[in-house]
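Asker: Here it is: the structure, laid out below.
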Amino acid sequence: MVDSKTYHRRKAAGLCTQCEEKAVPGRVMCEYHLLMGRERSRARRKKHKATGKCVECNKKAAPGCTMCEYHLAESRKHNEALRKRHRVAGLCAQCKEKAAPGRQYCEYHLAFYSARQKKRTEERKADGLCVICSKEVVPGHTMCACHLEMQRKRSKEITRAYIDAGLCGTCGKRELHTTTMCKKCRARLNASNRQKRANQRAISRGDFSILEKALETFE
């Protein structure tokens, strides 16, 4: 164990605080002691994770997490500050590469997170779980009641924001033609409604050919 006086003397001299070797630039230890520290930290974190303890201290980890409530909050605070610095500098939120235009991640991390999310979504759908949180889904939907309501509320807010800005509430790209839609989206909706009515009339007459055609498209 290095005493405080020796620690600060070696640090000021650019030496490893654990020995007299030259420290790695920007760090306080040499390559050897950095590696030893990483291995020791990795072993401790692995042990704590296996026993349900916080990987940063000896407290009990929060349910479903690897850290206690305190270190979770500190980690979120640190990550948010780091992302903010990267955002201001135009860098990826996860690394120091340049972020893709209009995005917060670089091309690599965009592809990585997209593939991971796609795989997770497919697995949850196959298991009949909410694609957001893995809870039980509302029958006929892919989300739980909570996230379904959140999505509906968010959708309404986005639609209202588009309309208030004088844009179509459906596509958000073109100017309003009616009170809520542009000319193109209104025409598409009218055509869809006409087709639905035609299908309903055909089924009421006993003509189920429309259903057969629909089934063919899924085969």
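The values are calculated or read from the model by the stated rules, or taken from the named source; none is laboratory data. Here the structure is a predicted model, which means the values were calculated and not measured. All Cβ positions, glycine included, derive from the backbone under ideal geometry; neighbour counts span all protein chains shown.
Asker: If a residue has to be in contact with a helix residue (DSSP H, G or I) (Cβ under 7 Å, 6 or more places away or on another chain) and either farther than 13 Å from His147 by Cβ or not β-branched (Val, Ile, Thr) (or both) to count, how many in region 117-133 make the cut? So that I can check it myself, show each step before the final result.
Answerer: At the first step, the residues of region 117-133 found to be in contact with a helix residue (DSSP H, G or I) (Cβ under 7 Å, 6 or more places away or on another chain) are 130-133.
Then keep just the ones that are either farther than 13 Å from His147 by Cβ or not β-branched (Val, Ile, Thr) (or both); that gives 130, 133.
So the answer is 2.
Asker: Being exposed (fewer than 13 other Cβ atoms within 10 Å of the Cβ) and either among the acidic types (Asp, Glu) or modelled with pLDDT of 95 or more (or both) is the requirement here; does Glu74 meet it? Reasoning before the result, please.
Answerer: Numbers: exposed (fewer than 13 other Cβ atoms within 10 Å of the Cβ): no; either among the acidic types (Asp, Glu) or modelled with pLDDT of 95 or more (or both): yes.
It is false that Glu74 is exposed (fewer than 13 other Cβ atoms within 10 Å of the Cβ) and either among the acidic types (Asp, Glu) or modelled with pLDDT of 95 or more (or both).
Asker: A further question on this structure: Which members of region 100-117 meet the condition of being assigned to a loop (DSSP other than H, G, I, E, B), surrounded by 13 or more Cβ atoms within 10 Å (Cβ to Cβ) and under 16 Å from the mean Cα position of the chain (by Cα)? Spell out the reasoning first.
Answerer: First, the residues of region 100-117 that are assigned to a loop (DSSP other than H, G, I, E, B): 100-106.
From what is left, the residues that are surrounded by 13 or more Cβ atoms within 10 Å (Cβ to Cβ) are 100, 104-106.
Gln104, Tyr105, Cys106, listed by residue number.
Asker: Being surrounded by 12 or more Cβ atoms within 10 Å (Cβ to Cβ) and part of a helix (DSSP H, G or I) is the requirement here; does His141 meet it?
Answerer: Details: surrounded by 12 or more Cβ atoms within 10 Å (Cβ to Cβ): yes; part of a helix (DSSP H, G or I): no.
Spelling it out, it is not the case that His141 is surrounded by 12 or more Cβ atoms within 10 Å (Cβ to Cβ) and part of a helix (DSSP H, G or I).
Asker: What pairs come out if I take residues in region 14-35 that are more than 19 Å from Ser4 (Cβ to Cβ) and pair them with residues that are among the small types (Gly, Ala, Ser) whose C-beta lies under 7 Å away, six or more apart or interchain?
Answerer: Cβ pairs passing all conditions: Lys22/Gly14; Cys30/Ala23.
Asker: Something else now. Inspect all residues belonging to region 168-181 and state whether any of them is surrounded by fewer than 13 Cβ atoms within 10 Å (Cβ to Cβ) and part of a helix (DSSP H, G or I).
Answerer: Of all residues in region 168-181, those surrounded by fewer than 13 Cβ atoms within 10 Å (Cβ to Cβ) come to 173, 175, 178-179.
Narrowing further to those that are part of a helix (DSSP H, G or I): none.
No, region 168-181 has no match at all.
Asker: Enumerate the pairs (first residue in region 95-109 and of a type in the set (D, E, K, R); second residue anywhere and in a loop (DSSP other than H, G, I, E, B)) with beta-carbon separation below 7 Å, excluding pairs fewer than 6 apart on the same chain, so at least 6 apart or on different chains.
Answerer: Glu97/Cys106; Lys98/Gly90; Lys98/Cys106; Glu107/Ala100
Asker: While we're on this one: Residue check: is Asn79 among the polar types (S, T, N, Q), without any contact (Cβ under 8 Å) to a residue 60 or more places away in the chain, within 30 Å of Ser134 (Cβ to Cβ) and in a helix (DSSP H, G or I)?
Answerer: Numbers: among the polar types (S, T, N, Q): yes; without any contact (Cβ under 8 Å) to a residue 60 or more places away in the chain: yes; within 30 Å of Ser134 (Cβ to Cβ): yes; in a helix (DSSP H, G or I): yes.
Criteria met by Asn79.
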